[in-house]
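Notes follow once the structure below has been shown.
Taken together, the values in this text are just the output of simple stated rules run on the coordinates, not laboratory data. None of the values given here were measured: they were computed from a predicted structure. Backbone-built Cβ (ideal geometry, glycine too); neighbour counts: all protein chains shown.
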Amino acid sequence: MLFSLHKLEIDVLNGMQEDMLHTVPRERQVVLLSPTGSGKTLAYLLPLLQLLDAESDEGAALILVPSRELAQQTEAVARKLTPELRILACYGGRPAMDEHRLIRAQRPHIIVGTPGRVLDHIGKQNFEAERVRFLVIDEFDKCLELGFHEQMRAILGALRNVGRRILLSATDCPQIPDFMPMGNPCRLDYLDASSRTSDRIHLRVLHSPEKDKLRTLYDLLCMLGAESSMVFVNYRESVERVGEYLRRMDIPAALFHGGMEQRDRERALFRFSNGSANVLVTTDLASRGLDIADIGHIIHYHLPLNEEAFIHRNGRTARWDAEGDACLILGPEERVPEYIGAMPETLSLPRHLPSPAKPQWVTLYIGKGRKDKINKVDIVGFLSKVGGLRREELGRVDVLPGWAFAAVARRVAGDLLARVRGQKIKGIKTIFALAEE
């Protein structure tokens, strides 16, 4: 089986990935501890794909993940690595019946799913639990938190023929519960060796003169300009409040939290990752399981609830060998948490700040996707020929089952819409609109 690493823009594997590639085929129970951004998804997918037989329907793999976005990203990486295996992601926010039809029609080799949706399919006997020979639990510590624990117990109790198990976490795992029979697993711990990631993050403190820190946040974002920034808050309501303020102040911010509809969450992530929004305002839901490159700045608008949350938030920047910045905004009565250790440098904002920066790109929404037999090549060709876009005017293109997003240069977006409205792509009439807030 050939793996298309070049499609992921990867030339060589890192040491942890090489270690997993050799360990997983030899060991039946593996626990991998490695920090956020170190490439754990690729580390377990490569050996797992080698163990699966594309010519057989007998053995299947189940990958459990704590969020919809991680399920989607894992499915996308696996599809890029090999076209030979049938892969399906299952998660809430879309009809379970559609997934059931695909499970029956395809008999997938790999199912990537969130615990709640997987348990629903097991309970309805939508897929054959006895086919599962390989089990992967990504973000294992998250999957054992309140709300997932009983679901995990029920799922694992239904998987009677699992022969290989892989657990992964970006923090040291809690005690493995009795319903997870791991015996004496092979433990690969890269946390200590990679703890120097924090050395590549420049942490600073910005003091707000007011308890309401919105104006201080606005000034900071104006100073940062067009550079990508993630603003972390502790509550869903705070995401909406901060986002509404930034929009009123003409800062293009995307919003992300667990109470949003799935389509709105997807749109927010694509706008941020393709450069159509400079700022993502989010809860800790976005602190793990997202693969967004080149995030320059982490802003702790609300102080993290604990050290683990602080580590995961900062793990969004300084990924691989890159460097990044993190900033704690402190109100008059707030103090630097004790777990941070040495007092960070104080950030002072200049007296004269620029106006909010406009992103170079905007996101075009296309109302058809993979289930309509539309792919990335089709979209690029259509926007070039019918829309008249030049290569430098078209950015990232993402195709989902029911729709697609394309980043286009802001300066040509109006003319592009005028050209493509009412046109057909691959003979199919669809909707074209700007996916802005």
Quiz item: For residue 161 and residue 429 in one chain, what is 0.36 nm times their gap in residues minus the Cα-Cα distance, to one decimal in nm?
Solution: 91.8 nm
Self-check item: Counted charge near residue 96, where neighbours are those whose Cβ lies closer than 11 Å (Asp, Glu -1; Lys, Arg +1)
Solution: +1
Practice problem: Specify the residue with the greatest mean-square fluctuation among 63, 425, 201, computed from a Gaussian network of the chain linking alpha-carbon atoms under 10 Å apart. | Solution: 425
Quiz item: Can you list the aspartates and glutamates whose alpha carbon sits under 19 Å from that of residue 424, skipping same-chain ones fewer than 8 residues off?
Solution: 372, 378, 398, 415
Practice problem: Treating cross-link reach as a plain straight distance, find the lysines whose alpha-carbon is under 21 Å from the alpha-carbon of residue 80, omitting any fewer than eight places away in the same chain. | Solution: 7, 40, 368, 371, 373, 376
Self-check item: Charge sum, other residues only, whose C-beta stays under 13 Å from residue 127's C-beta, Lys/Arg counted +1 and Asp/Glu -1
Solution: +2
Quiz item: With θ set to phi - 60° and the Karplus curve 6.51 cos²θ - 1.76 cosθ + 1.60, what are the ³J(HN,Hα) couplings of region 33-38 in order, to the nearest whole Hz, using x for Gly and Pro?
Solution: 10, 7, x, 4, x, 8
Self-check item: Dipole axis of the chain (+1 Lys, Arg; -1 Asp, Glu on Cβ), positive-most option in 302, 152, 275
Solution: 275
Quiz prompt | Relative packing of 19-27, 223-231, 35-43, 383-391, which averages over residues the other C-beta atoms within 10 Å, highest first | solution = 35-43, 223-231, 19-27, 383-391
Exercise. Starting from the Cα-Cα distance between residue 358 and residue 27, subtract it from 0.36 nm times their residue separation and give me the gain in nm to one decimal.
Key: 114.0 nm
Quiz prompt | Contour minus Cα-Cα distance for residue 345 and residue 247 (0.36 nm per residue) | solution = 32.3 nm
Practice problem: Can you put 431, 340, 292 in order of Cβ neighbours within 10 angstrom, beginning with the fewest? | Solution: 431, 340, 292
Exercise. Would you please give the residues with an amide H less than 5 Å from that of residue 425, counting only those at least 5 places away or on a separate chain, with H modeled from the backbone geometry?
Key: 430
Quiz item: When you take every Cα atom in region 361-434, what is the radius of gyration, and what is Dmax, the widest Cα pair distance, in Å?
Solution: 10.8, 31
Quiz item: Efficiency by 1/(1 + (r/R0)^6): what FRET value for residue 128 and residue 186, r their Cβ-Cβ distance, R0 = 22 Å, to the nearest 0.05?
Solution: 0.15
Quiz item: Given the convex hull over the Cα atoms of region 198-346, what projected area results after averaging over all orientations, in nm²?
Solution: 8.3 nm²
Self-check item: the chain: calculated mean residue ellipticity at 222 nm from DSSP helix runs of at least 4, using -39500 (n - 2.57)
Solution: -9000 deg cm²/dmol
